[in-house]
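Enquirer: Sharing a structure here in structure tokens format.
The values are calculated or read from the model by the stated rules, or taken from the named source; none is laboratory data. Keep in mind that what you see is a predicted model, and the values were worked out from it rather than measured. Counting neighbours? That spans all protein chains shown, and the Cβs are built from the backbone with ideal geometry, glycine included. For accessibility, only protein heavy atoms count, side chains too; no ligands or nucleic acids. Shrake-Rupley method; radii C 1.70, N 1.55, O 1.52, S 1.80 Å.
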Amino acid sequence: IKEELKQGHVTFDEEAEYLLIKKENNYLVLKNEMIALTDIVYLESLGHEMIIHMQNNDLHLRMPLYEISRLLNDDFLKISKSVIIRKDQIIHAKAYFSSKFQLTMSNGDKVDVTRTYYYKFREVFGL
């Protein structure tokens, strides 16, 4: 990966934990690992750590969620201050009376749509 990017005149800081490339490429490059956006189920921020949840594994990074959110395409939706989901990875949505939804994702994890993002979620999915 590095060699391919160097041919495109990208320079590297060997001490850096991650390198992000444009969303048009539909990939995130993180050090020596390339992740297809289609492999991501959801992203979660826990303190100073971000977790990229995929079907069979999770990738932990020291990186704020807002940095990566700028690079995601329209397949993703922010559902709380700390969670961004890939919309086509929802397998079940359960509504609550308190203006919240609980989503079951394709990897079996459950995540909550919080009140702040409730109406946006409903609008996006036509609910």
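Enquirer: Are there any pairs, at least 6 apart or on different chains, whose C-beta atoms fall under 9 Å, with the first in the stretch 84-99 and of a type in the set (Ser, Thr, Tyr) and at pLDDT below 95 and the second outside any strand (DSSP E or B) and exposed (fewer than 13 other Cβ atoms within 10 Å of the Cβ), and if so, which?
Expert: 98/115; 99/115; 99/119
Enquirer: OK, next. Looking only at the stretch 103-123, count how many residues are modelled with pLDDT under 90 and under 22 Å from residue 38 (Cα atoms).
Expert: 1
Enquirer: Just one of the numbered conditions (1) under 23 Å from residue 49 (Cβ atoms); (2) crowded, with 19+ Cβ neighbours inside 10 Å is not true of residue 101; which one?
Expert: (1) is the only condition that residue 101 fails.
Enquirer: Which residue is nearest to residue 79 (Cα to Cα), if the candidates are limited to the stretch 103-121 and must be part of a helix (DSSP H, G or I) and without any contact (Cβ under 8 Å) to a residue 24 or more places away in the chain? Steps first, please.
Expert: Step one: list which residues in the stretch 103-121 are part of a helix (DSSP H, G or I), which gives 115-121.
This time we only want the ones that are without any contact (Cβ under 8 Å) to a residue 24 or more places away in the chain, so: 115, 118-119.
Numbers: 115: 9, 118: 7, 119: 10 Å.
The residue in question is 118.
Enquirer: Another one. Can you pull out every residue in the stretch 31-67 that is more than 28 Å from residue 95 (Cα to Cα), open to solvent by less than 50 Å² (accessible area, probe 1.4 Å) and touching a residue at least 40 places away in the same chain (Cβ under 8 Å)?
Expert: 61, 63, 67 - these are the residues of the stretch 31-67 that are more than 28 Å from residue 95 (Cα to Cα), open to solvent by less than 50 Å² (accessible area, probe 1.4 Å) and touching a residue at least 40 places away in the same chain (Cβ under 8 Å).
Enquirer: Would you check which residues across the stretch 45-59 are out of contact with any Ser or Thr (no Cβ under 6 Å at 6 or more places or on another chain), part of a strand (DSSP E or B) and closer than 21 Å to residue 112 by Cβ and list them? Give the steps one after another, and end with the answer.
Expert: Taking the stretch 45-59 as the starting set, the residues that turn out to be out of contact with any Ser or Thr (no Cβ under 6 Å at 6 or more places or on another chain) are 46-59.
Okay, now just the ones that are also part of a strand (DSSP E or B), so 46, 49-54, 58-59.
Passing the criteria: 46, 49, 50, 51, 52, 53, 54, 58.
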